[in-house]
Structures are given as structure tokens and as C-alpha cells.
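Colleague: Okay, here's the structure, questions in a sec.
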Amino acid sequence: MTVRLVGKVAIVAGGAGGIGAEICRRFLEEGARVVCADKSRSRAEEVVSRLAGVDGAVSFGELDATSPESWNALAADTVARFGHLDILVTAFYSGPAGSVADLSDAGWQACFAATSSGVFFGMRACSALMRAGGAMVNIASTMAHGGAADNIGYSSAKAAVIAMSRSAAAKLAAQGIRVNLVTPGMIQTWALDSTLRALAGAAGSAEQVRQTLVGNVPLGRIGQPVDVANAVVYLASDEAAYVTGAELLVDGGTRTA
Ligand SMILES: NC(=O)c1ccc[n+]([C@@H]2O[C@H](COP(=O)([O-])OP(=O)(O)OC[C@H]3O[C@@H](n4cnc5c(N)ncnc54)[C@H](O)[C@@H]3O)[C@@H](O)[C@H]2O)c1
């Protein structure tokens, strides 16, 4: 087994989620010490106890990504506990679905509060304390590129994440900090299952909707959280020392179809 993150301290924000928990697991396998930070203490603590047997060290970090103060406290606590901070991953989103016709003012703002502003607050807080050689990996979405008729807030907020990551990469290079993006397509999580159930109906059963969607993926399957996590490991590691401002699509080739 390779151990590409030995000696690194990582914050995985949204670490209790389907993809975030898998990133925590892979980081531990690679030898990092991991702070699994999330708004949901109960689910994050489940992840921490499930992963406690994997090599390395994992602990819970309290975070409301919409709050700059919460980010400042998380970054400062992490450095106080471990002596340094090397990696930030942002793997959270929040906000309702809706279209240009029906998303409310509050819904629009909720989409940006965590999904977009939360990433900015996180990069600002962590870049102030991160040592040279550090890496940030923000999780975007292919919806940021193609748009999403019934998810205008989410797709727009993710487009902002792409732009802010490139801006941060340009600025933080002088500090020796790299900033990159992983952009997933359809990934198997409970959120995908609930989307498939919501789409079922006129379009057929949830399983029929799934098969239709899989038919549009050149690699012929829905992605797994580990597919995303492996891409994040690469970009967070020193193997990507000459990579910054990049976006790695993990979408089974959908955007080439
Ligand atoms: N699952 C997919 O198909 C897919 C596709 C493209 C992109 N993504 C992106 O991948 C990332 C992870 O998604 P997921 O599928 O694991 O979702 P998920 O819902 O399983 O996890 C999201 C996590 O974010 C946390 N969170 C929400 N608001 C927060 C806040 N204000 N502060 C701190 N934590 C907060 C939640 O508690 C949850 O644990 C997200 O950025 C998502 O947009 C997912």
C-alpha cells in the first residue's frame, strides 16, 4: 500500500457525507491525520468511530461552513492540536433545488451560503495558517458546467466555486499552497438515490431512471465515492506538486459524450 500523505494534517469539511467520509477513509489509509469536520456532529462522530480502526488518526471538528468564525476556530484548533495544517478539502453543499421559475429568494441565498461562500470562508481561514507545501481541493459538480434546469442555485453556486478556486490558486501559489478542483458527475450516495426516487414516475421506476442515466455515461456505470476520493488523494499529495488551478473531472467521461 502507498502512503502518500504521511505527516500531513487534513481538514475534510463535509466529512460526514457520502463522499466526505470516503475521503477521510482514503486519507487515513495514506497516512494523514484527519479532522472530519461537519455541521452534523452525530453523523460525523459515527464516521469517526467507524474509521477509528484504519491506520492514522481521525477526530471530529465542529463546523458550520456558512460562518467565518466557525472556520477560523476550526483552523486555529487544528493547528493548536496537531502543530500544523497541510490539506483542506471542501466536500459539503446545502440548499434547496428549484428552477429559474420557482426558487425563492431564501432558497437562492441558502444555496450560496454554504455551497459557495462556505468554500471562500474556508480557504481564507485555512490559507492564513497553512504551511508551505499545503494543498486545497474543492469539490465542484458537472452541473456547474452544463447547468441544471431544476437546480439553478446549486449549479450556480458550484460555478462560483470553480472561479474562486482558480483565483485562490493564482494568489496562494506564492505562499506555496496549491488549490485544485475535483468535479464529480453522478456518484452513488443516498442523495443520488433520493434524486432517482424524485425523478421516478412519468419517467419510469427509479431503477429505470438509473439505467437511462447510466446509458449516458461512456464508462457505463455510476461513480462510487472512492472514485472521487482517489482523485482528491492525488491532488492533495506531493505527487501533484506542479498542479494548481486544475479541475479533474470524475464523471465517467460524461462530458465527452
Ligand atoms: N453525490 C453526487 O452525485 C455528487 C455529484 C457532484 C458533486 N457532489 C459534491 O460532492 C460533495 C459531497 O456530496 P455528497 O454526495 O457526499 O453529499 P452529502 O449530503 O452526503 O454530504 C454533504 C455533507 O455536508 C454537510 N454540510 C452541509 N451543510 C454544511 C455546513 N453549513 N457546514 C458544514 N457541513 C455541512 C452535511 O452535514 C453532509 O455531511 C458536495 O460538494 C456535492 O455538491 C456530489
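Colleague: Taking 25 Å as R0, compute the FRET efficiency from the Cβ-Cβ separation of SER40 and ASN230 and round it to 0.05.
Modeller: On the way: r = 25 Å, r/R0 = 0.98.
Approximately 0.55, to the nearest 0.05.
Colleague: Still on this structure: Given a 10 angstrom Cα cut-off, can you work out which residue in SER205, SER116, SER42 is the most mobile in a GNM of the chain?
Modeller: SER205
Colleague: According to the square roots a ≥ b ≥ c of the eigenvalues of the Cα gyration tensor, what is the shape class of the chain, taking rounded for a/c under 1.5, prolate for a/b larger than b/c otherwise, and oblate for the remainder? Walk me through the intermediate numbers first.
Modeller: Numbers: a/c = 1.60, a/b = 1.45, b/c = 1.10.
Since a/c reaches 1.5 and a/b is larger than b/c, the shape of the chain is classed as prolate.
Colleague: Please list the non-local residues whose amide H lies under 5 Å from the amide H of GLN188, H modeled 1.01 Å from N, same-chain partners needing a gap of 5 or more.
Modeller: Those lying under 5 Å, H to H, from GLN188 are GLY223, GLN224.
Colleague: Here's another thing I want to ask about it. To make sure I understand, if each residue's beta carbon is the centre and we count other beta carbons within 10 Å, what order do PHE92, PHE112 fall in, fewest to most?
Modeller: Ascending number of Cβ neighbours within 10 Å: PHE112, PHE92.
Colleague: Please rank TYR234, TYR154, fewest neighbouring Cβ atoms within 10 Å first, as an exposure proxy. List each step's numbers first, then the result.
Modeller: Working: TYR234 16, TYR154 24.
Fewest-to-most ranking of TYR234, TYR154: TYR234, TYR154.
Colleague: If you line up the long axis of helix 225-236 against the longest principal axis of the chain, both from Cα atoms, how many degrees apart are they, to the nearest 10?
Modeller: The helix 225-236 is inclined about 40 degrees to the chain.
Colleague: Using Cα pairs under 8 angstrom and six or more residues apart, how large is the relative contact order of the chain, in percent?
Modeller: Values: 528 pairs, mean separation 47.0, N = 257.
Reported as a whole number, the value is 18 percent.
Bear in mind these aren't lab numbers, they're just calculated from the coordinates by the rules spelled out. Only a predicted model underlies this, so the values are computations on that prediction, with no experimental measurement involved. FYI the Cβ positions are ideal-geometry reconstructions off the backbone, even for glycines, and counts take in every protein chain you see.
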